[in-house]
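Written out below as structure tokens is the structure these notes cover.
The values are calculated or read from the model by the stated rules, or taken from the named source; none is laboratory data. Note that the structure is a prediction, hence the values are computed from the model and not measured. Backbone-built Cβ (ideal geometry, glycine too); neighbour counts: all protein chains shown. Side chains are part of the model used for accessible areas, which takes the heavy atoms of the whole protein and leaves out ligands, DNA and RNA. Shrake-Rupley method; radii C 1.70, N 1.55, O 1.52, S 1.80 Å.
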Amino acid sequence: MQAPHPDLLQRVRKADRKAQIELYRICFPVLEATVRRYHTNLDEQVSLVNNSFLKILNGIEQYKENNYFFSWIKRITTNEVIDHFRRSKHYRELFAMDQELPLYASPESEIDDSINDEFLKQLVENLPESTRVVFLLFAIDGYSHKEIGERLGISEQTSKWHTKMARKYLKSAYLNEINHATRIHEQ
């Protein structure tokens, strides 16, 4: 994916509506993919993509041409997702550490020798929302536990706990699936 041309960004800075629409078309796949990692609800995804794009338009003056554009918009989008969680009514409930992770069980599924992206995506989507958010921020987006704690208003230890629980769940679910596939293969 190619970054937008500097002339396009200059026209966006001058509030050219056609340039803004063109920039939206360029940004949309990146914004959508970033939001989809955190939210499964389509309405929330659309809202977050649009809110993120508005922040990009409003902050376009801060973008420095020598930076990687898509990294910049991903960071804005990730911050919008974090802010969305913090604004949610059940925010404190999401980050209570007494949640149990469900054990993954899918008797009809089969797995081959390699793990595919869809399988991993499904495992991550099965995580409780708060654990999924912390895990993705840490493992995918590269935030430190300290940064996650500051951004989400939780302790660094709580961030570590969620990451540990996510890893424990993912490992258990993976092993369950492998064991299940092995039993099917042996029959």
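Residues in segment 73-90: is at least one at pLDDT 85 or above and open to solvent by 60 Å² or more (accessible area, probe 1.4 Å)? Yes, segment 73-90 has at least one match. Residues of segment 149-167 that are within 16 Å of the chain's Cα centre (by Cα), surrounded by 20 or more Cβ atoms within 10 Å (Cβ to Cβ) and at pLDDT 90 or above: SER159, HIS162, ALA166. Listed by first and then second residue, the pairs linking a residue in segment 7-32 that is touching a residue at least 12 places away in the same chain (Cβ under 8 Å) and under 17 Å from LYS55 (Cβ atoms) to a residue that is open to solvent by 20 Å² or more (accessible area, probe 1.4 Å) and among the charged types (D, E, K, R), with Cβ atoms under 8 Å apart and 6 or more places separating them unless they lie on different chains, are LEU9/GLU65; ARG13/GLU61; VAL30/LYS74. Remark: pairs (first residue in segment 138-151, more than 21 Å from VAL35 (Cβ to Cβ); second residue open to solvent by 50 Å² or more (accessible area, probe 1.4 Å); Cβ separation under 6 Å; 6+ apart in sequence or on different chains) = HIS145/GLU156; HIS145/LYS160; LYS146/GLU156; GLY149/SER155; GLY149/GLU156.
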